[in-house]
1. Can you check what the net charge comes to around Phe50, using other residues whose Cβ is under 14 Å from the Cβ of Phe50 (Lys, Arg +1; Asp, Glu -1)?
2. Averaged per residue, what accessible area in Å² does the range 68-128 show with a 1.4 Å probe, protein chains only?
3. Output wanted: per-residue J couplings in Hz (rounded whole) for the range 67-73, from phi through Karplus 6.51 cos²θ - 1.76 cosθ + 1.60, θ = phi - 60°, x for Gly and Pro.
4. Between Ile114 and Ser63, with labels modelled 7 Å along Cα→Cβ, what's the label distance in nm to one decimal, could you check?
5. For each pair in Lys61/Lys89; Lys59/Lys89; Lys64/Lys101, compute the distance between the two Cα atoms and list the pairs where it is over 19 Å.
6. Leaving ligands, DNA and RNA out of it, report the carbon-plus-sulfur percent of the accessible area of the range 50-128 at a 1.4 Å probe.
7. To the nearest 0.05, what FRET efficiency results for His97 and Tyr122 with a Förster distance of 41 Å applied to their C-beta separation?
8. Can you work out the Karplus-derived ³J(HN,Hα) for every residue in the range 83-99? Use 6.51 cos²θ - 1.76 cosθ + 1.60 with θ = phi - 60°, whole Hz, and x for glycine or proline.
Amino acid sequence: RKRPVAQGGQHDRHHSRSYLSRHRLYCVIMHNWMLHMALIYLAVINVMTFFLYGIDKWKAKRSKWRVKESTLIWLSVFGGSIGAWLGMKAWHHKTQHKKFKYGIPFILLAQITIGIWVCYRYWFTGWS
């Protein structure tokens, strides 16, 4: 009795290998693209938050319409915590308000902790 021959024979195994290599290349490209987009996002939101603290300080000195405190906090929550902390230090702004004095460093530490956990899970365990 003859054995059934797989369609494509050796060619299927070769095709599988090339598919896997292309898939790995795609994953590397997408990983780098997502990493770059995340870094660009973080840079933009932190610069924006930093300057918004400066603008708010400038407006406070001139008794003009101000940026809402909730806006400043939410910008920190959405990734601008480094810019907020640096803005507080550079502009000497919101340093006496407890929700800023303790809240911004807490948000920053939480984001650093989450970032370390995500990096560990992704790079060392492969999300398994």
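1. On the way: positive: Lys57, Lys89, Lys94; negative: Asp56.
That works out to +2.
2. Values: 4220 Å² over 61 residues.
Heavy-atom accessible area per residue stands at 69 Å².
3. For the range 67-73, the Karplus curve yields 7, 4, 4, 5, 5, 5, 5 Hz.
4. Result for the modelled spin labels: 4.1 nm.
5. Working: Lys61/Lys89 17 Å; Lys59/Lys89 17 Å; Lys64/Lys101 23 Å.
Going by Cα-Cα distance, Lys64/Lys101 fall outside the 19 Å limit.
6. Details: 3860 of 5530 Å².
Ligands and nucleic acids excluded, carbon and sulfur reach 70 percent.
7. On the way: r = 36 Å, r/R0 = 0.88.
Computed FRET efficiency for His97 and Tyr122: 0.70.
8. x, 5, 5, 5, x, 4, 6, 6, 8, 6, 10, 6, 7, 9, 7, 4, 5
The values are calculated or read from the model by the stated rules, or taken from the named source; none is laboratory data. Being a predicted model, the structure only gives us computed values, none of them experimental. Glycine gets a Cβ as well: all are built from the backbone with ideal geometry, and neighbour counts include every protein chain shown. Accessible surface areas use protein heavy atoms only, side chains included; no ligands, DNA or RNA. Shrake-Rupley method; radii C 1.70, N 1.55, O 1.52, S 1.80 Å.
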